Amino acid sequence: MLSERVLNMNESATLAMASKARELKSKGLDIISMSLGEPDFGAPEFLRNAAIKAIENDFSSYTPVVGFKDLRQAISNKLKRDNGLDYSDNQIIVSTGAKQSIANLILSLINPGDEVIIPAPFWVSYEDVIKFAGGKPIILKSSIEDDFKVSAEQIRNAITPKTKLFLFSNPCNPSGSMYFKNELVEIAEVFKNTDVIIASDEIYEYIVFEGEHFSIGSLDSVKDQVVTINGLSKGYAVTGWRLGYLAGPEKIVKACAKIQSQFTSGANSIAQKAAIEALDSGNSKVLYMREAFLERRNFLIDQMKKKVPHAVVNSPQGAFYLFPDLKYYLDNSKLENVEQLSQHLLTDALVACTPGSAFGGDTNIRMSYALSLEDIEKAVDRIAASLDKLIL
Ligand code: PMP
Ligand code: GLU
């Protein structure tokens, strides 16, 4: 009865694990959820007030498909101010979350058989949406020793006449790694003078602990072929408001608008109006979130090193995930794969983590540390005990 298109698609692993965790919680189990990438702070007060004001001003009609003009202008200003990017308001489209921006982009560009290069580990939805469009994900492996980053040379070797798009997140979900300016300059060299579109997903831009975030679209050599994606979900802790945006060549923006006009229309009016205040204030009112994430990152790394000695961990420079390699536990237990390992942690340790395989990491799990220090400690204690039981 169902289409092949949908039968061939996987459910989002992050959302699937979150819903399993919720179900067990509703049965009264004391689940600690490290599965969903979601800040735990609640919306900042100034943003809640901005949304209330938008309701009082009765912004309740359909919105323009591409988003309110004043919001697109605020996005254009933000991209200039924070990222050194030059996008006019007609090169910007607002969507129902960055997830929709990415889906619009892929559906706009990819014909069956086209190749999309994605460095692994990659965000879970990239692979399935590429396949949904008939495209072929070309996955480039990286290792924890290289801080989960691929080299410009690896990318160069993956390019073929069918390569249409290079898609990456920076900072990266799920590894938290950052590509810094010198690395992005090298990557830009690879794509200079080609027709390949570079899509830079910068949704974790404000959650950076070390070094400066840099936008590849600010490099002259590739600026006309870069699409920059961002949104409010992570930086402002408003995942449920569903507000994201894409900036890029006008032709691509128009194509995304055509798709959006048939699928969802313009994004939520209230969230759009409130977003203007968020973007105008930059990250100045949300720095406390970054500070809390940094403390939690350091604490989680320390706990893992002390209590789960066979896990290999690195020190991510951004986002709020740790992506430990648990190969030792897979090799020395009866478990066949990391999905089984995540399932074991869920039912035995009552800790929900997302299996790394969903992100192209077959021996890793993703731990979101958007939790209190107390819960992080409890989770690691339980994981340690539960992994120990597996060893043959
Ligand atoms: N890109 C990355 C790398 C993500 O982790 C997420 C999940 N928040 C998104 C895009 C989509 O974000 P949203 O749709 O909530 O804006
Ligand atoms: N992006 C978040 C995550 O990676 C939210 C879940 C999702 O949108 O898939 O967990």
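The values are calculated or read from the model by the stated rules, or taken from the named source; none is laboratory data. The shown structure was predicted, so the numbers you read here are calculated from the model rather than taken from an experiment. Cβ placement follows ideal geometry from the backbone for every residue including glycine, while neighbour counts extend to all protein chains displayed. Heads up: the accessible areas ignore ligands, DNA and RNA and are worked out on the full protein's heavy atoms, side chains in. Shrake-Rupley method; radii C 1.70, N 1.55, O 1.52, S 1.80 Å.
A few notes on this one:
- Over 32 Å (Cα to Cα) - which of Lys131/Lys192; Lys131/Lys251; Lys99/Lys334 fall in this group: Lys99/Lys334
- Protein accessible area in segment 294-388, 1.4 Å probe - carbon and sulfur %: 48 percent
- Sparsely packed loop sites in segment 50-115 (the chymotrypsin sites (Phe, Trp or Tyr not before Pro) outside DSSP H, G, I, E and B with at most 12 other Cβ atoms within 10 Å) comprise Tyr62.
- Computed over the chain, the P(r) curve from all C-alpha pair distances, binned at 20 Å from the origin, holds 28, 59, 13, 0 percent per bin.
- Heavy-atom accessible surface of segment 235-349, averaged per residue, reaches 42 Å², computed with a 1.4 Å probe.
- Cα-based equivalent ellipsoid of segment 310-392: semi-axis lengths in Å, sorted from largest, via gyration tensor: 19, 15, 11
- Qualifying lysines (Cα of each under 19 Å from Cα of Lys306; at least 8 residues distant if same chain): Lys327, Lys378, Lys389
- The 3J(HN,Hα) values that the Karplus relation (6.51, -1.76, 1.60; θ = phi - 60°) gives for segment 296-305 are, in residue order, 5, 4, 4, 5, 5, 4, 4, 4, 5, 5 Hz. Gly and Pro appear as x.
- Distance from the alpha carbon centroid of segment 365-388 to that of segment 164-193 works out to 30 angstrom.
- Under the Karplus curve 6.51 cos²θ - 1.76 cosθ + 1.60, θ = phi - 60°, whole-Hz ³J(HN,Hα) for segment 180-186, x wherever Gly or Pro sits: 8, 3, 4, 6, 5, 4, 5
- What a 1.4 Å probe finds exposed on segment 104-225 is 48% carbon and sulfur by accessible area, rounded to a whole percent.
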